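Enquirer: My structure is below; once you've seen it, I'll send some questions.
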Amino acid sequence: MRAKALLVVFALLALAGCGSAKIVSPKPQTVIGSVPTQTAPATTSTTAATTTTATTGGGGGGGGGGGKAVFASNGCGSCHTFKAAGSNGKIGPDLDKLAQYAKQAKQPLDKFVRESITDPKAYVQPGFQPVMPSFASISKPQLDSLVQFLTKGS
């Protein structure tokens, strides 16, 4: 009789654990800080022969407008301050000081900016953590536009 009672108790405990069959996802109790969302307006410039849209990332008009769109679409402003983009992120280095950082890294500005985007752990500005993800997967035209945008504003 005792074995039967233990078996019943064990069965009840096992069934109680199977409960609602609902998938539970953990959610934070407290959220500290926020990541601002950014959108880049699609600006179109028209010349006599062509029409270029800034959001293509192809760099029309010398890459400045395309680079700003690439900056916004990849969320760069969430972590970095850069006046030309109207961003004021505080997680990563201030991109208005890129020329100074390149000098500290003993690299030409263009090379330094390109490498910082595609291999951000190659040089980490003192005082910052190596938390920036690599953006090596963006296309070459987008990368060229972004580098040009960042180096013009520095």
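The values are calculated or read from the model by the stated rules, or taken from the named source; none is laboratory data. This one's a predicted model, so the numbers in the text were calculated from it and none came from an experiment. Cβ placement follows ideal geometry from the backbone for every residue including glycine, while neighbour counts extend to all protein chains displayed. We work out accessible area using only protein heavy atoms, side chains counted, and drop any ligands, DNA or RNA first. Shrake-Rupley method; radii C 1.70, N 1.55, O 1.52, S 1.80 Å.
Enquirer: Among the residues of the range 64-77, write down those that are closer than 20 Å to Ser137 by Cβ, open to solvent by 20 Å² or more (accessible area, probe 1.4 Å), in a helix (DSSP H, G or I) and not hydroxyl-bearing (Ser, Thr, Tyr).
Expert: Lys68, Cys76
Enquirer: What pairs come out if I take residues in the range 87-114 that are closer than 18 Å to Gln129 by Cα and pair them with residues that are β-branched (Val, Ile, Thr) and open to solvent by 30 Å² or more (accessible area, probe 1.4 Å) whose C-beta lies under 6 Å away, six or more apart or interchain?
Expert: Qualifying pairs under 6 Å: Val113/Thr151.
Enquirer: Quick check, is Lys140 within 15 Å of Val70 (Cα to Cα) and not hydrophobic (A, V, I, L, M, F, W, C)?
Expert: Taking the combined requirement at face value, the residue satisfies it.
Enquirer: If you don't mind, another one. Considering only residues that are over 16 Å from Gln148 (Cα atoms), in contact with a strand residue (DSSP E or B) (Cβ under 7 Å, 6 or more places away or on another chain) and open to solvent by less than 70 Å² (accessible area, probe 1.4 Å), which ones fall in the range 78-127?
Expert: Within the range 78-127, His80, Thr81, Ser87, Gly89, Asp94 meet the criteria.
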